Amino acid sequence: MTSPDAPAATLADVVDIVHRRYDPSTAAEWDSVGLTCGDPDQPVRRVLLAVDAVAVTVEEALGWGADLLVTHHPLLFRPVTSVAATTPAGRLVHRLVRGGCALLAAHTNADVARDGVSDALADVLGVRDTAPVLPSAAEPSTGVGRVGDLDAEVSLGRFAMLVRDALPRTAHGVRVAGDADRAVRRVAVLGGSGGDDLAAASRVGADVVVTSDLRHHVASDHLAAGGPALVDVAHFASEWPWLPVAARLLAADLAARGFAVVTRVSTLVTDPWTDRL
Ligand SMILES: [Zn+2]
């Protein structure tokens, strides 16, 4: 525990610390990670973590007096030529800059890393002894997704209830494809949209895959090919478990350098789907 009188880190310090855990050079080529706005010299005493930089989380950050909002999804994805407050993203940039709150995104770099999004998802689901589904060439202990084993075999139906209870509640809920009585023990998790990597999850011997955003034909073709059962959760819910992990590591890393910081994890559900009838 660092004394509350300890000096505040600068934004540059915090960015450096986050990037040591979640190296931006490991992000996908199409991605846009790192600082969206903020002055590297500004002090950072309060950090809010959220999956998305949207109006409600930006308001939460400003209302709490955060100096930095760390999100998983980048606010500005594609190249932009204007951040005028004439677009939703431009308005948020204005709100953040006026409120003195920086914005930092750790996206695909946080997906592949150790203690990243898929590690956190595996952990809350009780999946042990994990390895990447698709190991990175440069560092095979990191990579896309994680596969590992539950402590004991359970039915698919029971496992789906475990998933429901372990993740934030959303209107999307938990969708299951497969025989509810089928036994599962080896679990692959693909945080975020995992539709492109289902074949890889089959190859590593998973009994069931937990991911999100699965489309009709992707799920149907995968099952017809004899692939593992599918558990489809809200995209937001699959990524949220990373936030407490990232908050804990950030606080510990800053304390190790003698800096005081207060972190908070947003519990607002930013999944765009709000109802299911
Ligand atoms: Zn995502």
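Compared with the alpha-carbon gap, the fully stretched path from Arg158 to Glu59 is longer by 31.8 nm at 0.36 nm per residue.
For the chain, set up a Gaussian network in which alpha carbons nearer than 10 Å are linked by springs, and say which option among Thr26, Thr86, Thr211 fluctuates the most. The residue with the greatest mean-square fluctuation here is Thr86.
When the chain is treated as a GNM with alpha-carbon contacts under 10 Å, the residue of Asp23, Asp221, Asp52 showing the greatest mean-square fluctuation is Asp221. Counting neighbouring Cβ atoms within 10 Å and putting the fewest first, the residues Asp115, Asp67 line up as Asp115, Asp67. Each part gets one Cα centre, and for the stretch 163-214 versus the stretch 74-94 those centres are 34 Å apart. Taking other C-beta atoms within 10 angstrom as a stand-in for reagent exposure, Thr81, Thr267 fall in the order Thr81, Thr267, fewest first. Extension gain, Ala256-Asp181: 0.36 nm per intervening residue step, less the Cα-Cα distance, totals 22.2 nm. To the nearest 10 degrees, how steeply does helix 88-98 sit against the main Cα axis of the chain, on a 0 to 90 scale? Its long axis makes an angle of about 40 degrees.
Taking the longest Cα principal axis of the chain as reference, the axis of helix 11-21 is set at about 20 degrees.
Using r as the Cβ-Cβ distance of Asp39 and Asp275, and R0 as 41 Å, what FRET efficiency do you calculate, to the nearest 0.05? Please report the intermediate quantities before stating the final value.
Numbers: r = 40 Å, r/R0 = 0.98.
The value I calculate is 0.50.
Applying a 10 Å radius around every beta-carbon, put 124-132, 238-246 in order of their mean neighbour count, most first. Please report the intermediate quantities before stating the final value.
Numbers: 124-132: 17.1, 238-246: 24.2.
Packing order, densest peptide first, comes out as 238-246, 124-132.
I'd like the GluC sites (Glu not before Pro) in the stretch 16-73 restricted to DSSP loop residues with at most 12 other Cβ atoms within 10 Å, sorted by number. Taking the stretch 16-73 and a limit of 12 other Cβ atoms within 10 Å, the loop GluC sites (Glu not before Pro) found are Glu29. Length available on full extension from Ala224 to Val80: 0.36 nm per residue minus the Cα-Cα distance, which gives 47.6 nm. Comparing Ser82, Ser266, Ser118 in a Gaussian network model of the chain where C-alpha atoms under 10 Å apart are linked, the largest mean-square fluctuation is found at Ser82.
Distance between the pseudo-spin-label points of Arg248 and Asp196 (7 Å out from Cα toward the beta carbon): 3.1 nm.
Read-outs throughout are calculated quantities, based only on the coordinates presented, and are distinct from any laboratory measurement. A quick note: this is a predicted structure, and the numbers were derived from the prediction, not measured. Note that each Cβ is placed from the backbone with ideal geometry, even for glycine, and that neighbours are counted across all protein chains shown.
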